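**Student:** Could you have a look at this structure, given as structure tokens, before my questions?
The values are calculated or read from the model by the stated rules, or taken from the named source; none is laboratory data. Computed from a predicted model, the values in this text were never measured in an experiment. No Cβ is skipped: glycine too gets one built from the backbone with ideal geometry, and neighbour counts run over all protein chains shown.
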């Protein structure tokens, strides 16, 4: 079992020195002894939990700098009644999220909870709706939410603060799952309820060791936060929060940032000179030695972090690379195909990336390189058509600029889904076609020896695409 850090210990682990400012807890008057249900012994249990942990509730909320970026931190104390959520927990969470919106700060839940508090019954369970509302308002305000899954993260805490976050990080070996250890079906495989399993299933972005957590979390906050959240080292935040009566959540926030400048077009890394024929363009795009997505991303970004998973049970690490990177002090989101047939999970991950970037006001770079969408039976069962449609829709609906570079094969709709209308470029080592020349010849009932001439007829060379107005130009 991994080491369980207290709320104060996890806050000390991630917060910059002397930067933590605890938010005052809202005051709720008790209407009766032993909580809202009059659960015999509940007050005594709370008193024992307070004496044992030094806390008055199961969460500690405050503002702090993490790697120089200010954020609202929400740390669960598992030693206080299993980190469970009750009405007073909901009060603190609502106040923390409201503070984040009022001060334009990202939110970082550091979760360790067994779920809703039994001694408060349905009133405890309804706190999940309250938390979901606060998360939705914060999402609508264009502020990032980065969850850290500690041991354990189960029940409603996982289903709201954890799985509902934009980026999900997890500590190694942490128990993570909707069902806690005492309510799972008999004989359930315990390995399915771990952080590692959630990463494999596409429900988490990365497993991060405790010693590396502050650095990774600081990088994510820098990439996803607006400049107003960044504070120079040594500067003390001046905002403060005062206890207030419980009230409906504020829905007012600063005007969203203006539309950002488009991401610059990457330079070509492959061969110079344009292909002489359509078939030569195909051969150059398929050449094993041609630079692929990893090379382009390494050359383009000064620093970058990946996201992983479609949040629907799948990943496509070999077919689609998605994440956020920093270039010349600016954050750019990226979705890059790797030269293989893209799986449904890859498309859904790219759609998730584009929608998140759009909400945060971050420009997007896409790299097109695929012979096409995966078309095997398993891909069909996984909904490849709907997944491609998601990407088409995300690109079409994006309010932030999307920049596209075709770096290799542009195979049919599986490639076009990632292409930005009006802002797509191509390298000399690429082609873009309505369908692969071999398949086009087969559909037209032409013999194999006519594949090369079919490639010419399709006009798939980069210079052809520019002349046709399909792309803006050749890089």
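**Student:** Select from the stretch 6-21 the residues that are under 16 Å from residue 171 (Cβ atoms), in contact with a helix residue (DSSP H, G or I) (Cβ under 9 Å, 6 or more places away or on another chain) and surrounded by fewer than 20 Cβ atoms within 10 Å (Cβ to Cβ) and list them in ascending order.
**Tutor:** Passing the criteria: 6, 13.
**Student:** Further, regarding this structure: Could you identify the single residue in 470, 434 that is buried (at least 18 other Cβ atoms within 10 Å of the Cβ) and without any contact (Cβ under 8 Å) to a residue 60 or more places away in the chain? Quick ask: steps written out before the conclusion?
**Tutor:** On the way: 434 fails: buried (at least 18 other Cβ atoms within 10 Å of the Cβ).
After applying the criteria, what remains is 470.
**Student:** Before we move on, is residue 415 buried (at least 20 other Cβ atoms within 10 Å of the Cβ), in contact with a strand residue (DSSP E or B) (Cβ under 6 Å, 6 or more places away or on another chain) and closer than 30 Å to residue 142 by Cα? If you could, list the steps in order and put the result at the bottom.
**Tutor:** On the way: buried (at least 20 other Cβ atoms within 10 Å of the Cβ): yes; in contact with a strand residue (DSSP E or B) (Cβ under 6 Å, 6 or more places away or on another chain): yes; closer than 30 Å to residue 142 by Cα: yes.
In short, yes.
**Student:** Take the conditions without any contact (Cβ under 8 Å) to a residue 24 or more places away in the chain, more than 18 Å from residue 113 (Cα to Cα), in contact with a helix residue (DSSP H, G or I) (Cβ under 9 Å, 6 or more places away or on another chain) and in the same structural domain as residue 14 (by TED's automatic domain parsing) and apply them to residue 191. Does it pass?
**Tutor:** Numbers: without any contact (Cβ under 8 Å) to a residue 24 or more places away in the chain: yes; more than 18 Å from residue 113 (Cα to Cα): yes; in contact with a helix residue (DSSP H, G or I) (Cβ under 9 Å, 6 or more places away or on another chain): yes; in the same structural domain as residue 14 (by TED's automatic domain parsing): yes.
For residue 191, the condition - without any contact (Cβ under 8 Å) to a residue 24 or more places away in the chain, more than 18 Å from residue 113 (Cα to Cα), in contact with a helix residue (DSSP H, G or I) (Cβ under 9 Å, 6 or more places away or on another chain) and in the same structural domain as residue 14 (by TED's automatic domain parsing) - is met.
**Student:** Could you tell me whether residue 448 is more than 19 Å from the chain's Cα centre (by Cα) and at pLDDT 95 or above?
**Tutor:** Numbers: more than 19 Å from the chain's Cα centre (by Cα): yes; at pLDDT 95 or above: no.
No: the conditions fail for residue 448.
**Student:** While we're here: Take the conditions touching a strand residue (DSSP E or B) at 6+ places or on another chain (Cβ under 8 Å), surrounded by fewer than 16 Cβ atoms within 10 Å (Cβ to Cβ) and assigned by TED's automatic domain parsing to the domain that holds residue 213 and apply them to residue 29. Does it pass? Give the derivation first.
**Tutor:** Working: touching a strand residue (DSSP E or B) at 6+ places or on another chain (Cβ under 8 Å): no; surrounded by fewer than 16 Cβ atoms within 10 Å (Cβ to Cβ): yes; assigned by TED's automatic domain parsing to the domain that holds residue 213: yes.
Criteria not met by residue 29.
**Student:** Please state which of the following conditions residue 259 fails to meet, knowing it meets all the rest: (1) out of contact with any strand residue (DSSP E or B) (no Cβ under 7 Å at 6 or more places or on another chain); (2) over 30 Å from residue 172 (Cα atoms); (3) at pLDDT below 50.
**Tutor:** Residue 259 satisfies all of (1) out of contact with any strand residue (DSSP E or B) (no Cβ under 7 Å at 6 or more places or on another chain); (2) over 30 Å from residue 172 (Cα atoms); (3) at pLDDT below 50 except (3).
**Student:** Residue 456: surrounded by fewer than 22 Cβ atoms within 10 Å (Cβ to Cβ), in contact with a helix residue (DSSP H, G or I) (Cβ under 6 Å, 6 or more places away or on another chain) and part of a helix (DSSP H, G or I), yes or no?
**Tutor:** Working: surrounded by fewer than 22 Cβ atoms within 10 Å (Cβ to Cβ): yes; in contact with a helix residue (DSSP H, G or I) (Cβ under 6 Å, 6 or more places away or on another chain): yes; part of a helix (DSSP H, G or I): yes.
Against the criterion (surrounded by fewer than 22 Cβ atoms within 10 Å (Cβ to Cβ), in contact with a helix residue (DSSP H, G or I) (Cβ under 6 Å, 6 or more places away or on another chain) and part of a helix (DSSP H, G or I)), residue 456 qualifies.
**Student:** Still on this structure, please answer the following. Given the conditions (1) at pLDDT below 95; (2) closer than 21 Å to residue 219 by Cα, which single one is not true for residue 65?
**Tutor:** Evaluating residue 65 over (1) at pLDDT below 95; (2) closer than 21 Å to residue 219 by Cα leaves (1) as the failure.
**Student:** Next up: Return a yes/no flag: does the stretch 145-154 have any residue that is surrounded by fewer than 17 Cβ atoms within 10 Å (Cβ to Cβ) and either at pLDDT 95 or above or assigned by TED's automatic domain parsing to the domain that holds residue 82 (or both).
**Tutor:** So in the stretch 145-154, the residues surrounded by fewer than 17 Cβ atoms within 10 Å (Cβ to Cβ) come out as none.
No, that holds for no residue.
**Student:** I've got another one for you. Could you check the stretch 135-190 and list, in sequence order, the residues that are over 11 Å from residue 204 (Cβ atoms), in a loop (DSSP other than H, G, I, E, B) and within 13 Å of the chain's Cα centre (by Cα)? Outline the logic, then answer.
**Tutor:** Going through the stretch 135-190, the residues over 11 Å from residue 204 (Cβ atoms) turn out to be 135-146, 150-152, 154-157, 159-161, 164, 166, 172-173, 175, 177-190.
The next check asks that each one be in a loop (DSSP other than H, G, I, E, B); those that pass are 141-144, 164, 166, 172-173, 178-189.
Across the stretch 135-190, the qualifying residues are 143, 144, 164, 166.
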